[in-house]
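The values are calculated or read from the model by the stated rules, or taken from the named source; none is laboratory data. In this text the structure is predicted, and so the values were computed from the model without any measurement. Because the Cβ atoms are built from the backbone with ideal geometry, glycine has one as well, and the counts that use them run over all protein chains shown.
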Amino acid sequence: MAISRESIQAFTTTPLEVGPVPVWNDTAFIRRLTGNDRDAWDLWQVGHAYTEDDEKAGKGKAGRLRRDARGIRAYLVCLGLCDEHAQRLFADTEAAQVGAMDGEAIDYLYDQIRDYNGLSVKSQEELEKNSEDGPSDDSGLSSPESSE
(Lines give C-alpha, C1' and ligand atoms only; values in the text may rest on other atoms or scores of the structure.)
Protein backbone atom coordinates (compact mmCIF):
# COMPACT_ATOMS: atom_id res chain seq x y z
CA MET A 1 0.00 0.00 0.00
CA ALA A 2 1.37 3.38 -1.02
CA ILE A 3 1.57 6.30 1.34
CA SER A 4 -1.27 8.78 1.04
CA ARG A 5 -1.50 12.52 1.45
CA GLU A 6 -3.82 12.01 4.43
CA SER A 7 -1.42 9.66 6.23
CA ILE A 8 1.44 12.11 5.77
CA GLN A 9 -0.63 15.03 7.06
CA ALA A 10 -1.84 12.97 10.02
CA PHE A 11 1.69 12.01 11.06
CA THR A 12 2.97 13.89 14.08
CA THR A 13 6.08 13.32 16.10
CA THR A 14 6.06 13.14 19.84
CA PRO A 15 8.46 15.53 21.55
CA LEU A 16 11.43 13.91 23.21
CA GLU A 17 11.78 14.43 26.93
CA VAL A 18 15.47 15.05 27.55
CA GLY A 19 15.16 15.05 31.31
CA PRO A 20 16.61 17.51 33.77
CA VAL A 21 18.61 20.26 32.13
CA PRO A 22 21.83 20.95 34.00
CA VAL A 23 21.67 24.19 35.97
CA TRP A 24 17.88 24.60 35.55
CA ASN A 25 17.17 21.27 37.25
CA ASP A 26 13.88 21.00 35.40
CA THR A 27 12.61 18.75 32.64
CA ALA A 28 12.84 19.95 29.06
CA PHE A 29 11.28 18.73 25.83
CA ILE A 30 12.74 19.02 22.35
CA ARG A 31 11.02 18.42 19.05
CA ARG A 32 11.78 17.34 15.53
CA LEU A 33 12.31 20.37 13.34
CA THR A 34 9.80 20.88 10.56
CA GLY A 35 10.87 21.36 6.96
CA ASN A 36 10.36 25.10 7.41
CA ASP A 37 12.49 25.04 10.56
CA ARG A 38 15.28 23.21 8.73
CA ASP A 39 15.12 25.81 5.93
CA ALA A 40 15.27 28.62 8.50
CA TRP A 41 18.25 26.93 10.16
CA ASP A 42 20.08 26.57 6.82
CA LEU A 43 19.29 30.16 5.84
CA TRP A 44 20.44 31.43 9.23
CA GLN A 45 23.78 29.69 8.72
CA VAL A 46 24.17 31.07 5.19
CA GLY A 47 23.20 34.54 6.37
CA HIS A 48 25.96 34.44 8.95
CA ALA A 49 28.79 33.84 6.51
CA TYR A 50 31.31 36.48 5.53
CA THR A 51 32.16 36.97 1.87
CA GLU A 52 34.76 38.90 -0.10
CA ASP A 53 32.63 42.07 0.10
CA ASP A 54 32.82 41.92 3.88
CA GLU A 55 36.62 42.09 3.71
CA LYS A 56 36.33 45.70 2.59
CA ALA A 57 34.37 46.42 5.77
CA GLY A 58 37.08 44.76 7.87
CA LYS A 59 35.03 41.66 8.70
CA GLY A 60 37.04 38.97 6.96
CA LYS A 61 39.84 38.13 4.56
CA ALA A 62 39.44 38.39 0.81
CA GLY A 63 38.63 35.19 -1.04
CA ARG A 64 37.63 33.24 2.06
CA LEU A 65 34.21 32.35 3.34
CA ARG A 66 34.07 32.73 7.09
CA ARG A 67 31.31 31.98 9.54
CA ASP A 68 29.97 34.28 12.20
CA ALA A 69 28.74 31.78 14.78
CA ARG A 70 27.31 34.31 17.22
CA GLY A 71 23.90 33.12 18.31
CA ILE A 72 24.17 29.67 16.73
CA ARG A 73 23.24 27.78 19.91
CA ALA A 74 20.46 30.13 20.93
CA TYR A 75 18.81 30.07 17.51
CA LEU A 76 18.73 26.27 17.32
CA VAL A 77 17.40 26.10 20.90
CA CYS A 78 14.61 28.49 19.85
CA LEU A 79 13.74 26.16 16.97
CA GLY A 80 13.84 22.92 18.96
CA LEU A 81 12.86 23.58 22.57
CA CYS A 82 9.17 22.90 23.11
CA ASP A 83 6.46 22.01 25.61
CA GLU A 84 4.97 18.53 26.04
CA HIS A 85 2.65 19.22 23.06
CA ALA A 86 5.58 20.01 20.71
CA GLN A 87 4.76 23.76 20.69
CA ARG A 88 7.82 25.99 20.54
CA LEU A 89 8.67 27.88 23.72
CA PHE A 90 10.60 30.69 22.00
CA ALA A 91 10.13 32.54 18.72
CA ASP A 92 13.01 33.22 16.33
CA THR A 93 12.97 36.84 17.46
CA GLU A 94 13.79 35.77 21.02
CA ALA A 95 17.15 34.21 20.15
CA ALA A 96 19.11 37.04 21.78
CA GLN A 97 17.20 36.52 25.03
CA VAL A 98 17.82 32.77 24.91
CA GLY A 99 21.49 33.42 24.17
CA ALA A 100 21.75 35.47 27.36
CA MET A 101 20.65 32.47 29.46
CA ASP A 102 23.02 30.10 31.24
CA GLY A 103 25.62 28.81 28.78
CA GLU A 104 25.82 25.30 30.22
CA ALA A 105 22.08 24.77 29.80
CA ILE A 106 22.07 26.22 26.28
CA ASP A 107 25.06 24.04 25.27
CA TYR A 108 23.30 20.95 26.60
CA LEU A 109 20.04 21.69 24.76
CA TYR A 110 21.89 22.64 21.56
CA ASP A 111 23.68 19.28 21.57
CA GLN A 112 20.46 17.37 22.29
CA ILE A 113 18.52 19.15 19.52
CA ARG A 114 21.33 18.63 16.99
CA ASP A 115 21.53 14.92 17.79
CA TYR A 116 17.76 14.40 17.78
CA ASN A 117 17.42 16.12 14.40
CA GLY A 118 20.41 14.52 12.71
CA LEU A 119 22.38 17.77 12.53
CA SER A 120 25.49 16.70 14.44
CA VAL A 121 28.56 14.88 13.18
CA LYS A 122 27.71 12.07 15.60
CA SER A 123 24.22 11.61 14.16
CA GLN A 124 25.53 11.82 10.58
CA GLU A 125 28.07 9.08 11.36
CA GLU A 126 25.27 6.99 12.88
CA LEU A 127 23.16 7.43 9.73
CA GLU A 128 26.10 6.39 7.55
CA LYS A 129 26.76 3.36 9.73
CA ASN A 130 23.11 2.32 9.59
CA SER A 131 23.02 2.72 5.81
CA GLU A 132 26.14 0.54 5.51
CA ASP A 133 24.57 -2.15 7.69
CA GLY A 134 21.23 -2.17 5.90
CA PRO A 135 20.30 -3.50 2.48
CA SER A 136 22.18 -1.61 -0.19
CA ASP A 137 20.86 -3.22 -3.36
CA ASP A 138 17.50 -1.42 -3.51
CA SER A 139 16.28 1.72 -1.79
CA GLY A 140 12.67 0.90 -2.56
CA LEU A 141 12.32 4.05 -4.64
CA SER A 142 12.15 3.95 -8.39
CA SER A 143 14.05 6.41 -10.49
CA PRO A 144 12.39 8.14 -13.44
CA GLU A 145 14.36 5.91 -15.85
CA SER A 146 13.26 2.66 -14.23
CA SER A 147 9.59 3.58 -13.87
CA GLU A 148 8.89 3.52 -17.58
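Kindly indicate the residue of the range 60-72 that is at pLDDT below 75 and not aliphatic (A, V, I, L, M) and also surrounded by the fewest Cβ atoms within 10 Å (Cβ to Cβ) among those meeting that condition.
Step by step, filter the range 60-72, then rank; the result is Gly63.
The conditions are (1) more than 17 Å from Val18 (Cα to Cα); (2) buried (at least 18 other Cβ atoms within 10 Å of the Cβ); (3) under 15 Å from the mean Cα position of the chain (by Cα), and Cys82 fails exactly one of them. Which is it?
Against the list (1) more than 17 Å from Val18 (Cα to Cα); (2) buried (at least 18 other Cβ atoms within 10 Å of the Cβ); (3) under 15 Å from the mean Cα position of the chain (by Cα), Cys82 comes up short only on (1).
Considering only residues of the range 1-54 that are of a type in the set (Val, Ile, Thr) and modelled with pLDDT of 80 or more, which is farthest from Leu79 (Cα to Cα)?
It comes out as Ile3.
Just checking: which of the helices (runs of 4 or more DSSP H) contained wholly in the range 81-148 hold 2 or more residues that are charged (D, E, K, R) and at pLDDT below 90?
121-133
For a quick check of your reading of the model, give me the residue pairs whose first member lies in the range 16-29 and is within 19 Å of Gly118 (Cα to Cα) and buried (at least 18 other Cβ atoms within 10 Å of the Cβ), whose second is small (Gly, Ala, Ser) and at pLDDT 85 or above, with beta-carbon atoms closer than 6 Å and at least 6 apart or on different chains.
Val18/Ala28
Sort out which residues of the range 91-113 are of a type outside the set (A, V, I, L, M, F, W, C) and either surrounded by fewer than 17 Cβ atoms within 10 Å (Cβ to Cβ) or without any contact (Cβ under 8 Å) to a residue 60 or more places away in the chain (or both), and write them in order of number. Full working, then the answer.
Step one: filter the range 91-113 for residues of a type outside the set (A, V, I, L, M, F, W, C), giving 92-94, 97, 99, 102-104, 107-108, 110-112.
Correct list: Asp92, Thr93, Glu94, Gln97, Gly99, Asp102, Gly103, Glu104, Asp107, Tyr110, Asp111.
Can you say whether Ala57 is farther than 21 Å from Glu94 by Cα, of a type in the set (A, V, I, L, M, F, W, C) and at pLDDT below 70, as far as the supplied structure shows?
yes
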